[in-house]
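The values are calculated or read from the model by the stated rules, or taken from the named source; none is laboratory data. Computed from a predicted model, the values in this text were never measured in an experiment. Glycine gets a Cβ as well: all are built from the backbone with ideal geometry, and neighbour counts include every protein chain shown.
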Amino acid sequence: MDLFADQTPVYQPLAARMRPRTLNEYCGQSHLLAANKPLRMALEQGAIHSMIFWGPPGVGKTTLARLIAHQVDAQFLTLSAVLAGVKDIRIAVEQAKQVRAQSGRGTVLFIDEVHRFNKSQQDAFLPYIEDGTVIFIGATTENPSFELNNALLSRARVYLLRSLEATAIKSLLSTALSDAERGLGKRRLVMSDDILAQLARAADGDARRALNLLEISADLAEKQTDGSEVVPETVLVEVLAGQGRRYDKQGDLFYDMISAFHKSVRGSSPDGALYWYCRMLDGGCDPLYVARRLVAIASEDIGNADPRAMQVALAAWDAFERVGPAEGERAIAQAAIYCASAPKSNAVYRAFNQCLADVKQQTGYEVPVHLRNAPTELMQELGYGAEYRYAHDEPDAYAAGESYLPPELHQQQWYVPENRGLELKIKQRLEYLSQLDEASHKQRYHSDQ
């Protein structure tokens, strides 16, 4: 039962009517519910524990919680973290206590979107989970590691629910189409196998979304003289117009996709970079977010192996702001493909991070006197800049043997170029300059002897 539900509504959407009534009717999640899987075995033995269901929308989190309660003959109470507060939690707990006292039955307390509860609200469940007043089941689309308290996580096992395969969704749609009791079977709907397959793909792993699309398509079906109703291809085009793939801005899926995009560029896969970029655009991602990420990638993963990558990324960002989305999105795609195809080096990234870490840990060494500026007479008298060698007056514009670090760090090297792209030439240049330094040091040594 629902905590605040007084009556069954007259109309129920197809997705609600087709909700599975038993575990055998449940669609998907075979990695949890197949024969001999731990969760399935626990349910069959009537032994359940508090748990967190983590997965995208429409994969059956609420339905599975209901089936679990039914399987173990427990009262089912549900709260939505969007609307409920601590007061509602107390009411649910009191109801659970009353049921236990009167009938000895346990209570499954299901919290939808549990990640929306703050820390104090999550803490309110702990004593009642601990003493067994309720079997807690929370549902979340967000990563529990980030969104839920450690205390709650330590008392509930996390189960990952996966997106449904298109074949499983298609089977579900066929059942709904033929089921005369709960589905659309009484309407004599005619829908081709290809249309069902397209609906299944458009649902993007979401069973609820698939059934909603099927119901909309059925409402637009064309009546035939024999009393049947046909859903033509033209109706399908209308129904699927504007149906983007799953994409949760600033949610787990958002970060998963931007991670896949970044790793595709780093891994020199233009097609991978293009695919994840288009997936994000299809889901409503701000293209400039990707443009900004490309600028970061150009420095972090490409660096001096191809300095032009930074210019291309900045140019794409600028192009989007100048010409708008249509052409601008294409410019960002061009930059993504260029960066993915460019030679890679994280030498600058590593050098910067290591140098910054060393600076924070070490003493603040004095600036060597010869590197200091001397704008005043006093500074000149103190010898500031007196022994500085102006590079442009030296052979090859390089003051061989000169040191630009504090004496305590004169042997330190943070930047080590890779043997790829332009950095190969940079490496060769630095090795040549190093040889000049070595020759200069030898010459000074012999002069001092």
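Just need a number here: residues in the range 74-86 that are crowded, with 19+ Cβ neighbours inside 10 Å and β-branched (Val, Ile, Thr).
So the count comes out to 1.
When only residues in the range 35-73 that are buried (at least 20 other Cβ atoms within 10 Å of the Cβ), modelled with pLDDT under 90 and among the small types (Gly, Ala, Ser) count, which is farthest from residue 127 (Cα to Cα)?
58
Working only within the range 174-189, note down all residues that are in a loop (DSSP other than H, G, I, E, B) and either β-branched (Val, Ile, Thr) or touching a residue at least 60 places away in the same chain (Cβ under 8 Å) (or both).
Residues satisfying the conditions are 179, 182, 183, 184.
Of the residues in the range 151-165, how many are surrounded by fewer than 17 Cβ atoms within 10 Å (Cβ to Cβ), more than 21 Å from the chain's Cα centre (by Cα) and not charged (D, E, K, R)?
Here the count works out to 2.
Only one of 365, 398 is among the hydroxyl-bearing types (Ser, Thr, Tyr) and surrounded by 15 or more Cβ atoms within 10 Å (Cβ to Cβ). Can you tell me which?
398
Enumerate the helices (runs of 4 or more DSSP H) found wholly within the range 113-152, keeping only those where 1 or more residues are assigned by TED's automatic domain parsing to the domain that holds residue 84 and under 15 Å from residue 86 (Cα atoms).
Correct list: 119-123, 126-130.
Given the residues 289, 349, which is the only one that is in a helix (DSSP H, G or I), surrounded by fewer than 20 Cβ atoms within 10 Å (Cβ to Cβ), touching a Gly at 6+ places or on another chain (Cβ under 7 Å) and not small (Gly, Ala, Ser)?
Result: 349 is the single residue among 289, 349 that is in a helix (DSSP H, G or I), surrounded by fewer than 20 Cβ atoms within 10 Å (Cβ to Cβ), touching a Gly at 6+ places or on another chain (Cβ under 7 Å) and not small (Gly, Ala, Ser).
For the range 389-411, name all the residues that are more than 18 Å from residue 365 (Cβ to Cβ) and either part of a loop (DSSP other than H, G, I, E, B) or without any contact (Cβ under 8 Å) to a residue 24 or more places away in the chain (or both).
Scanning the range 389-411 gives 389, 390, 391, 392, 393, 394, 395, 397, 398, 399, 400, 401.
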